[in-house]
1. Which numbered condition trips up Gly313, out of (1) touching a Leu at 6+ places or on another chain (Cβ under 6 Å); (2) surrounded by fewer than 11 Cβ atoms within 10 Å (Cβ to Cβ)?
2. Which one of these is of a type outside the set (Phe, Trp, Tyr) and touching a Ser or Thr at 6+ places or on another chain (Cβ under 9 Å): Ile295, Ile285, Ile304?
3. Just checking, which of Ile315, Ile242 is in contact (Cβ under 8 Å) with a residue 24 or more places away in the chain and either in contact with a Ser or Thr (Cβ under 7 Å, 6 or more places away or on another chain) or part of a helix (DSSP H, G or I) (or both)?
4. Mind listing whichever residues of segment 274-304 are more than 25 Å from Ile326 (Cα to Cα) and aliphatic (A, V, I, L, M)?
5. Is segment 155-164 home to any residue that is more than 15 Å from Glu198 (Cβ to Cβ) and surrounded by fewer than 19 Cβ atoms within 10 Å (Cβ to Cβ)?
6. So which pairs qualify, if the first residue must be in segment 249-262 and of a type in the set (Asp, Glu), the second must be assigned to a helix (DSSP H, G or I), the Cβ gap must be under 9 Å, and the two must be at least 6 apart or on different chains?
7. Just to confirm my filter: which helices (runs of 4 or more DSSP H) fall fully inside segment 92-166 and include at least 1 residues that are under 30 Å from Glu203 (Cα atoms) and touching a strand residue (DSSP E or B) at 6+ places or on another chain (Cβ under 7 Å)?
8. Considering only segment 120-157, state which residues are more than 30 Å from Gly104 (Cα to Cα) and of a type in the set (A, V, I, L, M, F, W, C).
Amino acid sequence: MSGLEDFLTPEVTGIAVALLVMLSVGGVIYSFFQPTLSGTKKRDQRVLAVSARPQNENQRKQIRDTDRRKKSIQDQLKDFESRQKSKQDKQQKVSLKVRMEQAGLNWEMKHFAIFSGVSGLIFMVLGLLASGNFLIAAGFAFAGTFGFPRWYISSKRKRRFNAFLEELPNGVDIIVRGVKAGLPLGDCIKVVAREAREPVATEFRKITEMQVMGISLADAVARLPDRVPVAEANFFAIVVSIQQKAGGGLAEALGNLSIVLRGRKAMKRKIKALSAEAKSSAGIIGCMPFAVGGIIFFISPDYILLLFTTTGGNIIIGGCLFWMFIGTMVMRAMINFDF
């Protein structure tokens, strides 16, 4: 024991511990890098790559066709995106004649001028009967000549777009059933032009008339968003154009589009229901000053007429109307949702 104790000196023990640590570290490093050093990792990667390759020419051709089709669809989407941006820029500068066409009015500019003149005369007469003041009557005439006709066109245009959005999913469903039954897309569009409700029937009838004139189906459908500048019409044009140029299952694509359109309709109705309370509150708040003013006029006319007969009262009315307009616009921005 004394010899062993003499042999296991602190120096020998330290050397032994260092050797054991070196062997342990070397073993750990070898276990990590052994696959790479021995080529096992590269062999496994090569075997996996070879096994993932198509085993025959048909599979390789199918993969090439799929890649080519994906690239074509991506190019089409990029093209449609650039065209959509240019359309949005044009839609912000729509002329009055185009707005009348989008509203479904077959008016010329002379018809609009006649309508504006008659409207201005009617408003001027109403202003004279209500106030007896020529300045107020002139203001009414200005509003009737330049304001009311444009508001009327915008209102009819908005109602026509809403009617189009209500009927478009039904028209798309007709096309889907026709395509599944084996009918060509052009014949399905003719069926929609005959069977659908307005204004979808009129717009699809224009597509068929363009085809008769020699315009291709994809180009004829691509002009639909120009006449009805809503997102849903643009979705339909994109699906048809991509199918015409890149191929694919049209019935499946249009079926998915119909689901999307109905989902957007449901979302719009839900938003309308959720914002109905806020719109009612905004209407009550906006009408309250006029209602209170009318009640005070009937109760104490001399008290309220000071606002109309004195300069200070006129200034107060002008300031109140200005701030009411600002508040109404703020409430309108808060309760209008775009999606």
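The values are calculated or read from the model by the stated rules, or taken from the named source; none is laboratory data. Please read all numbers here as calculations on a predicted model, not as lab measurements. Here the Cβ positions follow ideal geometry from the backbone for every residue, glycine too, while neighbour counts run over all protein chains shown.
1. Single failed check for Gly313: (2).
2. The match here is Ile285.
3. The match here is Ile242.
4. Correct list: Ile299 only.
5. yes
6. Pairs that qualify, where the first residue is of a type in the set (Asp, Glu) and the partner is assigned to a helix (DSSP H, G or I), are Glu252/Val176.
7. Because the criterion is at least 1 residues that are under 30 Å from Glu203 (Cα atoms) and touching a strand residue (DSSP E or B) at 6+ places or on another chain (Cβ under 7 Å), no helices (runs of 4 or more DSSP H) in segment 92-166 meet it.
8. Leu128, Leu129, Ala130, Phe134, Leu135, Ile136, Ala137, Ala138, listed by residue number.
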